[in-house]
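The values are calculated or read from the model by the stated rules, or taken from the named source; none is laboratory data. Keep in mind that this is a model prediction, so the values were computed, not measured. No Cβ is skipped: glycine too gets one built from the backbone with ideal geometry, and neighbour counts run over all protein chains shown.
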Amino acid sequence: MNNSDNSLAEYLFHEGTNFCSYDYLGAHFVSDTMCAFRVWAPAASAVFITGDFCGWAEDKYEAHRITQGGIFECIIDGIQEFDCYKFIIKTQNGDTLYKADPYAVHSETRPGTASKVYDLSGYCWKDLKWMNSRRGSLFDKPVNIYELHFGSWKRYQDGSVFSYDKMADEIIPYVKDMGFTHIELMPISEYPYDKSWGYQVTGYFAPTSRYGTPKDFMAFVDKCHQAGIGVILDWVPAHFPKDAHGLSDFDGTSCYEYEDPKKREHPDWGTRIFDYGKNEVRCFLISNACYWFEKYHVDGLRVDAVASMLYLDYGKKQGEWTPNKFGGNGNLEAKEFLQKLNSRVFEAFGNVMMIAEESTSWPLITYPVDVGGLGFNFKWNMGWMNDSLLYMEQDPFFRKGVHNKLTFSMTYAFSENFILPLSHDEVVHGKKSLLSKMPGEDDAKFANLRAYLGYMYAHPGKKLLFMGAEFGQFIEWNEEQELDWNLLAYKTHKQQQEYTKALCRFYLETPALWELDVTWEGFEWADVDDAINNVLAFFRRDKEGNMVLAASNFSSVHYTDYKIGVPSRGNYTEVFTSDAAAFGGSGIQNGKVTAKSGEMHGQKYFISLNLAPFSTIYLFKKKPVNRKAKPVSKDLASASEKSLKEPAKKTKQKRKTKQK
């Protein structure tokens, strides 16, 4: 940058609109060996830079204050890539603080806490085809996300973790074969404590060095894209830890966090809350979001703990929080920040994913900013997750008493653009694995899990499944060890994996399950009130009117003549069942079922079904046409059942969505 560029970057940073502040602040080579170090520390009385290049001398390189707003700069010769460094902050009360660079793009591996000089330029991306393909909206496309903790998916036999490079070789063919469209990584930004899983960040701009260098992570994303797999990152703008080298009390005062003690800290987590009203903090966070899209080509951010940002009383008792200017509990500064964040991201990067992990009824999460929304394009459906799991954990005899837990989600299913998450949060801390949540002996547990996943993949909303659930891991997830891959030596777990693969592939190949995901046009109840029999059924439709009937029997009873009302005459063909023998089921099938005249469930016709215990089946009905219908089913390679293969024809029908 020249002087005029620097002055503009500094002005916009203090104004709150420099959303690429990472190109200015931090450590940047200005020649082969000369590096400019810049840091924002407005309350510091003095700032020094120390590191490998000076034997960690404390006072050799003093930075000079170059803006009234508190940016300090020091240009040092003799710097080499990978040199470790820190900022030494002299506070107004005489303390000396050793701080990592908030804008460092590389860091030491824990337990080291220093930043590293690193040049991000020079990586040759090979994902142009993928990047061009992102231009279309995802609302009417299949989205099937595999949530992943990088350090515990697989490990070497000695317990050491895979590198970014090794992980790419292992995970990409696996998720591709299983039928997932995206990988979602639990936080990858540098963090000091393994047991935080990355949710307590100290290096927001640095991919963790546990697995390699920043360019190694670029190559990981690049390889995913070349294989047709998107990459979503968990991102944590809600709070940060109080580690001495991190952002907490950065210049001896509340620099990044709120000064008000009633707004400054999350009591439950022992972490600090960003001051979303401060221009420089907004620049830091929005720049960080943009950084991952620009420098690493990621496809989306799942924004963690949005509810904790939006509510001033989150986790606090009466008297422990400060109301907003209207006397309410909404954090108006956080709301404005999220709106600016999403506006900037979509303006700069187009049809990427901005996903809110938000657990309350705060309105308009996925609505555009110009109508008062927060501007996200997707939201995790935490209500569906909690309700449906509560239902599944019940003994089948008692499920009739909580039938509404499966049906209530449809009262709000199209109020936002939802992702249905079965995430890591549900398989830790005594909550049991998904398989272990299911009631009964082992056979019943597997059958229940298959039926539940079948219900989930037919329910409106995009899908997310945490690693290990696909093959029925028995124990809770443990970040200190790899998944129990040895279970695949057992037939039942291998069958569970084959079922998940077949289900994912059927989902990808069936437009009725995703083309009209955000509108009532794609959904209709078939059998909603049969709590006594633990049966639930509904229709999903694609844009052409082709229909899938999903019917779930969550009882232990085999129903041989179960009648469901249908809207039209003709044949309804079973194209998928969780009870297939290849998946460990009993092999009960329906084949083609012909509709008969007779009113039922508000329809003019009905069909009679053979519903196995703890099963979900899909039946396909093509929209009636005046010409001979083409074949619509094909044998699944991994199962004895039929799988719908015919893709829907594209139409010019205008898409009604809540987000551009």
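Summed over segment 507-527, the residues that are in a helix (DSSP H, G or I), in contact with a Leu (Cβ under 7 Å, 6 or more places away or on another chain) and within 19 Å of L464 (Cβ to Cβ) give a count of 1. Pairing each residue of segment 290-308 that is touching a residue at least 40 places away in the same chain (Cβ under 8 Å) and under 13 Å from S189 (Cβ atoms) with any residue that is in a helix (DSSP H, G or I) and not hydrophobic (A, V, I, L, M, F, W, C), provided the two are 6+ apart or on different chains, yields C-beta distances under 6 Å for Y291/Y22.
Count of segment 48-91 residues, restricted to those that are assigned to a loop (DSSP other than H, G, I, E, B), aliphatic (A, V, I, L, M) and in contact (Cβ under 8 Å) with a residue 12 or more places away in the chain, is 3.
Of the residues that make up segment 36-58, is at least one under 30 Å from V161 (Cα atoms) and among the basic types (K, R)? Steps first, answer last, please.
First, pick out the residues of segment 36-58 that are under 30 Å from V161 (Cα atoms): 51-52.
Then keep just the ones that are among the basic types (K, R); that gives none.
No: zero hits.
Consider L364 carefully, then state whether it is at positive phi and either out of contact with any strand residue (DSSP E or B) (no Cβ under 7 Å at 6 or more places or on another chain) or in a loop (DSSP other than H, G, I, E, B) (or both).
yes
Here A512 fulfils each of the conditions (1) crowded, with 22+ Cβ neighbours inside 10 Å; (2) touching a helix residue (DSSP H, G or I) at 6+ places or on another chain (Cβ under 6 Å) apart from (2). When E257, E280 are checked against the criterion of being at pLDDT 95 or above, over 21 Å from the mean Cα position of the chain (by Cα), more than 25 Å from W380 (Cα to Cα) and buried (at least 24 other Cβ atoms within 10 Å of the Cβ), E257 stands alone in meeting it.
Does T616 count as hydroxyl-bearing (S, T, Y), surrounded by 13 or more Cβ atoms within 10 Å (Cβ to Cβ) and modelled with pLDDT of 95 or more? Steps first, answer last, please.
Values: hydroxyl-bearing (S, T, Y): yes; surrounded by 13 or more Cβ atoms within 10 Å (Cβ to Cβ): yes; modelled with pLDDT of 95 or more: yes.
The answer is yes for T616.
Being more than 30 Å from the chain's Cα centre (by Cα), β-branched (V, I, T) and modelled with pLDDT of 95 or more is the requirement here; does I607 meet it? When the stated conditions are applied, I607 passes them.
Taking the condition more than 29 Å from the chain's Cα centre (by Cα) and of a type in the set (S, T, N, Q), does T560 pass? Even if it seems obvious, please write down each step before you answer.
Working: more than 29 Å from the chain's Cα centre (by Cα): yes; of a type in the set (S, T, N, Q): yes.
Criteria met by T560.
Here the condition is being on the phi > 0 side of the Ramachandran plot and without any contact (Cβ under 8 Å) to a residue 40 or more places away in the chain; of G430, G350, G372, it holds for G372 alone.
Screening D59 on (1) surrounded by fewer than 19 Cβ atoms within 10 Å (Cβ to Cβ); (2) closer than 27 Å to P207 by Cβ shows it passes everything except condition (2).
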